[in-house]
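The values are calculated or read from the model by the stated rules, or taken from the named source; none is laboratory data. Here the structure is a predicted model, which means the values were calculated and not measured. Because the Cβ atoms are built from the backbone with ideal geometry, glycine has one as well, and the counts that use them run over all protein chains shown. For accessibility, only protein heavy atoms count, side chains too; no ligands or nucleic acids. Shrake-Rupley method; radii C 1.70, N 1.55, O 1.52, S 1.80 Å.
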Amino acid sequence: MSESKITVYPSRAFKDNARLALTDAKLRQSLRGSMDFLMAKRLAAFPDEAELSALRTLGEGIRQRCLSRLPDLLEQLEDKLTANGVKVHWAETAEEANRIIHGIVAGRQGKLMVKGKSMVSEEVELNHYLAEQGVEAVESDMGEYIVQLAGEKPTHIIMPAIHKTKQDIAQLFHEQLPDTPYTEDVDALIQIGRRVLRRKFLDADVGLSGVNFAVAETGTLCLVENEGNGRMCTTVPDVHVAITGIEKVVEKLEDVVPLYSLLTRSAIGQPITTYFNMISGPRRAGEKDGPREVHLVLLDNGRSQAYADEQLRKTLQCIRCGACMNHCPVYTRIGGHAYGTTYPGPIGEIISPHLMGLENTSDLPTASSLCGACGEVCPVRIPIPEMLMRLREESQRPAGERVAHPLRGQGAAASGAERMAWAGWRLVNASPNLYRMFGWAATRLRKHAPKNQLGWTQNHLPLTPAPKTLHELVREREAGKGKSA
């Protein structure tokens with residue numbers, strides 16, 4: 001990374017962050033190679049286009065059916081989990097989720113938490129909150145551990161340290177971990193990290209994980225992972241806390257199978273993951289391992305806003321595979337840190353406005369060329385370009401305008417000058433006389449066209465009207481034909 005520091009929050013700094021990232025040749029090279037690799041892996045994981053299409057249709061149907069019954073399924077999930085011995089907590093905001101989790105840790109005089117990978121815990125900034133309360137939270141996913149050690153946030157939802165080279169990590173371990181020699185041997189680096197984390201698993205008071213799918217039918221929490229650290233977090237400490245967004249619930253256990261297949265293959269081209277955990281309650285009598293307490297925190301944090309609007313509800317279909325990021329021409333050039341949000345890339349551009357409000361994220365829906373690649377690879381067919389267009393419209397809508405489902409921060413990007421410009425454009429194009437007059441004036445006064453045309457002239461020549469209008473050229477052509485005849 002360049003020496004200048006990227007602003008991580010708020011995302012209103014997106015444009016400055018993106019400009020800075022574009023000057024970082026090392027970052028761009030690292031991202032380009034990684035994204036090409038991931039795109040090739042995904043392509044190889046779906047060799048049969050007909051099978052992929054059928055699986056996507058099935059996944060989309062499952063997500064839409066479950067979301068259409070979301071309130072009922074959440075109640076069913078709570079009932080089943082409670083019957084299984086799991087304590088269910090509801091959090092409307094990030095602050096509430098943090099208080100709940102700290103209360104569980106403090107109730108056991110806990111001082112150390114080990115964490116499996118959880119983007120929702122990143123969303124609520126749990127580590128920071130617990131640190132203020134005197135509780136150490138240690139990431140145990142190797143990528144998450146690396147970015148935590150570096151004092152950074154994840155740059156990708158699946159591969160949090162993808163922006164770092166092995167030389168970066170070797171230097172980081174050498175500087176941050178006592179008595180660690182510098183080595184660029186990848187296997188040695190992994191072993192160094194694991195030795196540190198192994199002690200943390202044994203000493204931790206509480207383990208925390210995310211949830212990939214929560215099954216209402218059986219009260220089962222499903223967790224996908226590759227390193228085994230998730231299983232350690234959920235079984236070694238006496239207390240396991242899971243945290244997830246309310247949209248992760250599915251109706252039946254059989255719904256998980258196609259979604260699991262789509263998730264792992266779309267994310268990193270794996271047919272299945274090394275570990276697939278199904279947690280249905282605390283340790284029972286006669287069992288030799290497992291936590292003695294299990295808690296689930298169900299977080300809203302703006303998701304109800306997306307749920308209330310039938311079009312924007314499709315945002316919640318996401319299964320967090322990251323494929324849209326890997327194929328996005330914007331993300332692959334600037335990386336995740338530039339967005340300043342927990343969820344970067346195309347999915348972040350449509351979910352973050354609900355979590356943080358349009359007043360903090362109004363630039364994000366514009367961070368897309370609308371090429372449609374994100375929508376084409378989404379395994380559950382979220383129409384991301386349509387969502388981006390809708391959010392752009394809402395960010396321009398006057399704040400006082402009454403609509404069926406107002407969004408937080410509506411009108412954040414509204415501009416009086418831009419509204420006047422579009423009103424003028426509509427007036428000119430609705431009146432033939434005005435249109436002709438405008439065309440005549442624009443062509444005759446073309447030499448007075450402004451030399452500085454906002455962002456366009458940063459990389460292009462100024463736009464200048466043609467010497468004659470199209471109508472004039474057609475009339476001249478027709479007149480010429482008449483003479484020749």
Toward the positive end of the charge dipole of the range 155-298, about the Cα centre and with charges on Cβ (Lys, Arg +1; Asp, Glu -1), which of Asn212, Phe276, Pro237 goes farthest?
Pro237
Placing unit charges on C-beta atoms (Lys and Arg positive, Asp and Glu negative, everything else neutral), compute the dipole magnitude of the range 267-348 about its Cα centre in debye, rounded to 20.
140 debye
Based solely on its DSSP helices, what 222 nm [θ] is calculated for the chain when runs of n ≥ 4 H residues each add -39,500 (n - 2.57) and the sum is averaged over all residues, nearest 500 deg cm²/dmol?
-14500 deg cm²/dmol
Compute the Cα gyration tensor for the range 38-182, then decide on rounded, prolate or oblate, letting a ≥ b ≥ c be the square roots of its eigenvalues: rounded whenever a/c is under 1.5, prolate when a/b is larger than b/c in the other cases, and oblate in all that remain.
oblate
Based on the Cβ-Cβ distance of Glu136 and Ser415, what FRET efficiency does E = 1/(1 + (r/R0)^6) give at R0 = 41 Å, to the nearest 0.05?
0.30
Counting only backbone N atoms under 20 Å from a point 7 Å out along Cα-to-Cβ of Arg475, the residues of the range 403-441 in range are 428-441
How much FRET efficiency would the formula 1/(1 + (r/R0)^6) give for Glu254 and Glu92, where r is the Cβ-Cβ distance and R0 is 30 Å, rounded to 0.05?
0.45
The orientation-averaged projected area of the Cα convex hull of the range 1-121, in nm², is 13.1 nm²
In square nanometres and to one decimal, what's the mean projected area of the convex hull around the Cα atoms of the chain?
30.0 nm²
By the Cα gyration tensor axes a ≥ b ≥ c (a/c under 1.5 gives rounded; else a/b larger than b/c gives prolate, otherwise oblate), the shape of the range 121-257 is prolate
Peptides ranked, highest mean first, by Cβ atoms within 10 Å: ranges 220-227, 17-24, 47-54
220-227, 17-24, 47-54
Chymotrypsin sites (Phe, Trp or Tyr not before Pro) restricted to the range 164-208 and DSSP loop, no more than 14 other C-beta within 10 Å
Tyr182
From a point 7 Å beyond the Cα of Lys447 in the direction of its Cβ, which residues of the range 457-478 have a backbone N at a distance under 19 Å?
462-469
Relative to the longest principal Cα axis of the chain, at what angle does helix 25-45 sit, 0 to 90 degrees, rounded to 10?
80 degrees
Under a point-charge model restricted to the Cβ atoms of Lys and Arg (+1) and Asp and Glu (-1), what is the dipole moment magnitude of the range 188-263 relative to its Cα centre, in debye to the nearest 20?
540 debye
Helix axis angle, 345-356 relative to the chain longest principal axis, alpha carbon, degrees:
80 degrees
What whole-number value in Å² describes the accessible area per residue of the chain for a 1.4 Å probe?
49 Å²
Counting Lys and Arg as +1 and Asp and Glu as -1, each charge on the Cβ, what is the dipole of the chain about the Cα centre in debye, to the nearest 20?
2100 debye
What is the gain in length, in nm to one decimal, between Gln270 and Arg108 on full extension, counting 0.36 nm per residue of separation less the C-alpha to C-alpha distance?
54.4 nm
Mean separation of Cα pairs under 8 Å and 6+ residues apart, divided by the residue count of the chain: what relative contact order is that in percent?
19 percent
Quote the relative contact order of the range 54-180 in percent (integer), defining contacts as alpha-carbon pairs under 8 Å separated by 6+ residues.
14 percent
In the full protein assembly as shown, how much of Val257 is accessible to a 1.4 Å probe, in Å² to the nearest 10?
100 Å²
Can you list residues from other chains, or at least 5 along the same chain, whose modelled amide H is less than 5 Å from the amide H of His89?
Leu296, Val297, Leu298
To the nearest 10 degrees, how steeply does helix 94-106 sit against the main Cα axis of the chain, on a 0 to 90 scale?
10 degrees
With every protein chain in place, the chain: carbon and sulfur % of accessible area (1.4 Å)
55 percent
Are there any GluC sites (Glu not before Pro) in the range 169-218 that are in a DSSP loop and have at most 12 other Cβ atoms within 10 Å? List them by number.
Glu184
Pair Glu376, Asp168: separation of 7 Å Cα→Cβ label points (nm):
2.9 nm
